[in-house]
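Below is one structure, written out as structure tokens, with a few remarks after it.
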Amino acid sequence: MAVMGLPLLCGLVFFWPDRSIANVDDLFFVPWAMEFAESGRHWNSLLAVQFPGLENYHLQPRLHLIFAGLFFSVSGTDTTALLAFEFLCFALTNLVFVIICLRLDLRLAALFTPLLFAPLYVVTGFRLELTGALIFVSGLSVSLPLLRAEGSRARGQAGPGAVMSIFSKFLFGIAPLAAPSLFAWSLGAIAVLEIWRLAMRQARLLRIICEGLAALLLALAVFALSIDFEFAEFLEQFTFHAGRSTGGGFNDEAILRAVLFAGASALVFRHNHAAAAICTALAAGQFLAAFLHDKALIRNLAASMVFLIALDAAVGTRWLKVKATLFATLFLALSANFFSFYFISERVENSEAVIAAYEKDLSDGQRVFVDETMAQHYLNQNTLGALAWTWGGTFPKGRPTSLYDLEEGDVWYVSEYTILGYLKGRHDIAEKVWSDPDYRRVPQFSCVLGRQSCNLPVERWRILRLEKLDEGVSVKIFGDETTSRILPHAQ
């Protein structure tokens, strides 16, 4: 019952629409998936400023967007459907890893899995890693029988092991088609799996190569279908977009995490060989990600998986209460800021005024930008012809870095949380709006899970309207009468 009940409870707590926290990249992905659901087009009207002239997007691999679009075509295209999809990805990934833990006889780890996974998804939003992580963890699950098998039977013959091997590598192969950041993790997992099978004499090198080729052909077929066989267009757009990404480069923290994962694997090895192999696969993936692409959800999930496996496998059953206490302590550390936000924050009752002003600006023919909070909590993902500020700069400049990137007459609807909470360090934007902001936050710890896990507002989600005028940028705060005001123009 706990295996099913805890994920549902986490869904009610962490995925409640009004208290959900939109991710800064949501305006890139959400309208794309919803457009695909409604029309079958791979396009996003909010990106029209930064990607002019593109009628068919290959800016990212499409698998995540296709799966989500199919879901939205059934559930509808609004914020509730969006959060239902995010919860579904969380619940399925949780279920797959719980199955892994139960197969490894790690029952306490299985029990605490949803509690450690849920806070990681709060700050993820609709990023590609939702689907990519599910596929990757499924690959680990399918690989588990190979990691547990002995090398004594039919080591040179194809059989059920060959099917599992091909299918697991196929899953590892398509995970990056959902989220490119999974490439390093999939490569690391495949390397560890095959080295393990060679060391355990489960298969010979020729058989492993043949299985790998079969899995690669299947993955390439899925890739070709997902891009409609438009290989040249995909290569051109994807490399152009990837060349401007800030997510790559060497990451020394990832190296440290990889060392810790490897240490956990060594600690677990004499207790549970298969559990140690999974930790080693995650260590290899984290090491490669340090040089390629390292995104928050997958690295946080990997850290949680290693922690759950290593502690439960290495510490004996007589220390059950100690293990449970450590798991619960980590859950509280990850979740404390969110619980503070859920229990203390209050909704600003100003949606009618915000929407009326927004619709008037659109009807007046002004160019209107929105942030992800406005789209999720006021517009229900129906942006009605607006553009995305985050992606509002034209190539080659990219995203805006100053309020003065607005052209005369442009309007930007942005939440107080986004500009004063999430845009931490962007003083060229935030301080020009309020040099001494009276932004009230709920009681909080440090940003354990990144910028979106702190600076959460007491009043959610207060909206600001910024307009570029001849004399500067005017700022209006929507709220009750005592706090609504026009600030002096920015300097």
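The values are calculated or read from the model by the stated rules, or taken from the named source; none is laboratory data. Just so it is clear, the structure is predicted and the values come from calculations on it, not from any experiment. So basically every Cβ, Gly included, is an ideal-geometry build from the backbone, and we count neighbours across all protein chains shown. Surface accessibility is based on the protein's heavy atoms, side chains included, excluding ligands, DNA and RNA. Shrake-Rupley method; radii C 1.70, N 1.55, O 1.52, S 1.80 Å.
Quick notes
- Taking a point 7 Å from the Cα of Leu267 along the Cα-to-Cβ direction, the residues of segment 287-326 with backbone N closer than 17 Å to it are 302-326.
- Axis of helix 231-242 versus longest Cα principal axis of the chain: the two differ by about 70°, to the nearest ten degrees.
- Signed unit charges on C-beta, dipole axis of the chain, positive-most listed residue Met374, Leu82, Ile463: Leu82
- Note on the chain: with neighbouring protein chains present and a 1.4 Å probe, carbon and sulfur make up 63 percent of its accessible heavy-atom surface.
- A Förster distance of 25 Å, applied to the separation of the beta-carbon atoms of Val222 and Ile99, puts the FRET efficiency at 0.60.
- Computed extension gain for Arg201 through Glu471, at 0.36 nm per residue and net of the alpha carbon distance, reaches 89.7 nm.
- The largest accessible area among Val306, Val142 belongs to the first residue in Val142, Val306, and the rest follow in falling order (1.4 Å probe, all chains).
- Pairwise label distance in nanometres, Ala336 with Leu384, each label 7 Å out on the Cα-Cβ vector: 4.2 nm
- Residue ranges 201-211, 23-33, 439-449 sort as 23-33, 201-211, 439-449 when ordered by packing (mean number of other C-beta atoms within 10 Å per residue, highest first).
- Label-point separation, Leu213 to Gln366 (7 Å along Cα→Cβ), nm: 6.3 nm
- Nearest 10 degrees, 0 to 90: helix 107-122 Cα axis against the chain principal axis: 30 degrees
- Computed magnitude of the charge dipole of the chain (debye, nearest 20; Cβ of K, R +1, Cβ of D, E -1): 2860 debye
- Look at the dipole of the chain built from charges on Cβ: of Ala276, Leu6, Leu308, the Cα furthest out on the positive end belongs to Ala276.
- In a reduced charge model with +1 at each Lys and Arg Cβ and -1 at each Asp and Glu Cβ, segment 46-141 shows a dipole moment near 220 debye about its Cα centre.
- For the chain, the 222 nm mean residue ellipticity estimated from helices alone, with every DSSP H stretch of n ≥ 4 adding -39500 (n - 2.57) and the total spread over all residues, rounds to -18500 deg cm²/dmol.
- Averaged over its residues, the chain has an accessible area of 43 Å² per residue, based on protein heavy atoms and a 1.4 Å probe.
- Ratio of the Cα radius of gyration of the chain to 2.2 N^0.38 Å, where N counts its residues: 1.03
- Taking every protein chain into account, the 1.4 Å probe leaves Asp361 with about 10 Å² of accessible area, to the nearest ten.
- The peptide list 320-333, 255-268, 161-174, put in order of mean Cβ contacts within 10 Å with the highest first, becomes 161-174, 255-268, 320-333.
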